Amino acid sequence: MSSESFQVALSARRGTLIPSLNWLSKRQAVVYLLLIFSAPLSFGQSGHTHGAVRAIEFPDVNGFFSLTCDFHMHSVFSDGDVWPNTRVQEAQKDNLDCIAVTEHLEYLPHKADIPFPDRNRAFDIALSTAANSDLIVIRGSEITRALPFGHANTIFISDANPLVTENAEVAYAEAQKQGGFTFMNHPNWTAQRKDGVARLEEINLAMIEKGQIQGIEVVNDITYSDEALEIALKYNLAIIGTSDIHSLIDWQFDVPGGGHRPVTIVFAKERTESGIKEALLARRTVAWYQNTLIGRLEHVMPLVEASLSITSAAYQGDTSILDIRIENKSESDFTLSNTSDFRFHDRANLVVIPAHHSIQVLVKTGPRIPEVALTFDVLNVVTAPGQHPSFTMKTAIKSGSEPK
């Protein structure tokens, strides 16, 4: 391979700019390539570094921990393709705070190969695997029924075995008796809803009234449902986003290619199982899916405000072109549409701020001003079907020389 080929390969990595490698021998170039590809990546102009490139991390907000959770996963103990310890290992790679391996109670296609009378077995294996880590593993199961009940996950239960019953209403009642938090799974699933439209049946409404359904998946696997979000808002259900993973996280969500699993961000008072449950009962959740944050305005906007900030603002030389640096401290890219009175000098009205990056924006202010307020519609935040919140960033303007 020529040194020019090495240069192309290196430059392709995250858009990294490198000097010419013509002066290197082939052996030196190989060593240089290995060193560059094994080194931690540097994100953005702010100097922020992220130790694990795939780690899913969001800033804490308003005294709450922003905990990343996946409450819907499967292993070979129902219809998944992997052992429960793999679910733990994947979650640790993604730096999740909490998971639940929620096996079907009624659908067990691997039972002939893996007979297990104890329906808690997957949880026990996952819990043991995570024993020496910070990952919180909670017990859960999936109640798998045809319509009108549909599928539902119940988490924080104490024993899955009593939920194995032919009577669905008895299963839901038992979950409630054990203190379970129960949410509707994939209500837009085309196997049960051919039109892909989530809707509630009378029995679902009755269970919501009795406190036996407390949340709903707005995001499941690779699907999102506006109708499920409408249901969550109308009936005060927790907004849930899950992977519902059966195969491998990396395959299903193309993590090596820059994708990510869907998660529920839970705003908890403490980083414990009880803290997560309290937050779910209080409906303090946001779903994250394909770089889109979905949640109630009062929960999602503090996260946006904690993620985005202006780190510097100064005029360029003797011009009235304002050089602003905006930093993104979150795992999600943000797409902003400028609704301010000011126009930009280096772009149209759209601003994309990659995760853990800072970017430069040049603003035409007309006359010089002592402070600036920029207002945007946050296009990758959804607070209701078709609704994106407005967000304003303000800062004083540095006087004197051009910013560094």
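The values are calculated or read from the model by the stated rules, or taken from the named source; none is laboratory data. Keep in mind that what you see is a predicted model, and the values were worked out from it rather than measured. Don't worry about glycine lacking a Cβ; one is built from the backbone with ideal geometry, like all the others, and counts go over all protein chains shown.
Given Leu105, Leu96, Leu127, which one is under 23 Å from Asn185 (Cβ atoms) and free of Cβ contacts under 8 Å to residues at least 40 places away in the same chain?
None of the other options fit; the residue is Leu127.
Could you grab me the full set of residues in segment 227-249 that are farther than 20 Å from Cys98 by Cβ and among the acidic types (Asp, Glu)?
Result: Glu227, Glu230.
Within segment 112-159, considering only strands (runs of 3 or more DSSP E) that don't extend past its boundaries, which have at least 2 residues that are closer than 18 Å to Pro84 by Cα and hydrophobic (A, V, I, L, M, F, W, C)?
In segment 112-159, 136-138 are the strands (runs of 3 or more DSSP E) which contain 2 or more residues that are closer than 18 Å to Pro84 by Cα and hydrophobic (A, V, I, L, M, F, W, C).
In segment 263-291, how many are surrounded by fewer than 19 Cβ atoms within 10 Å (Cβ to Cβ) and either within 16 Å of Val381 (Cα to Cα) or not assigned by TED's automatic domain parsing to the domain that holds Thr223 (or both)?
2
Please state which one of Ala160, Ala146 is loosely packed, with under 13 Cβ neighbours inside 10 Å and in contact (Cβ under 8 Å) with a residue 40 or more places away in the chain.
Among Ala160, Ala146, only Ala146 is loosely packed, with under 13 Cβ neighbours inside 10 Å and in contact (Cβ under 8 Å) with a residue 40 or more places away in the chain.
Can you find a residue that is among the charged types (D, E, K, R) and farther than 20 Å from Thr182 by Cα anywhere in segment 216-229?
Applying the first criterion (among the charged types (D, E, K, R)) to segment 216-229 yields 217, 221, 226-227.
Keeping just the survivors that are farther than 20 Å from Thr182 by Cα gives 226.
Checked against the condition, which is being among the charged types (D, E, K, R) and farther than 20 Å from Thr182 by Cα, segment 216-229 yields at least one hit.
In segment 70-89, which residues are surrounded by 22 or more Cβ atoms within 10 Å (Cβ to Cβ) and either more than 19 Å from Ile157 (Cα to Cα) or not acidic (Asp, Glu) (or both)?
Phe71, His72, Met73, His74, Ser75, Phe77, Ser78, Gly80, Pro84, Arg87, Val88
With respect to Thr335, determine if the residue is surrounded by fewer than 19 Cβ atoms within 10 Å (Cβ to Cβ) and touching a strand residue (DSSP E or B) at 6+ places or on another chain (Cβ under 6 Å).
For Thr335, the condition - surrounded by fewer than 19 Cβ atoms within 10 Å (Cβ to Cβ) and touching a strand residue (DSSP E or B) at 6+ places or on another chain (Cβ under 6 Å) - is met.
List the number of the failed condition for Ile155; all other conditions in (1) among the aliphatic types (A, V, I, L, M); (2) surrounded by fewer than 20 Cβ atoms within 10 Å (Cβ to Cβ); (3) within 25 Å of Arg121 (Cβ to Cβ) hold.
Status for Ile155: all satisfied but (2).
For the structure I just gave you, tell me whether Asn291 is on the phi > 0 side of the Ramachandran plot and under 20 Å from the mean Cα position of the chain (by Cα).
Answer is yes for this residue.
Name the single residue that is farthest from Ile157 (Cα to Cα) among those in segment 99-129 being of a type in the set (Ser, Thr, Tyr) and surrounded by fewer than 18 Cβ atoms within 10 Å (Cβ to Cβ).
Filtering first and then ranking leaves Tyr107.
Looking at the structure I just gave you, is Leu336 in a strand (DSSP E or B) and without any contact (Cβ under 8 Å) to a residue 60 or more places away in the chain?
So Leu336 fits the description; yes.
What pairs come out if I take residues in segment 348-364 that are in the same structural domain as Ser337 (by TED's automatic domain parsing) and loosely packed, with under 14 Cβ neighbours inside 10 Å and pair them with residues that are part of a strand (DSSP E or B) and among the acidic types (Asp, Glu) whose C-beta lies under 9 Å away, six or more apart or interchain?
Matching pairs, first to second residue: Gln360/Asp323.
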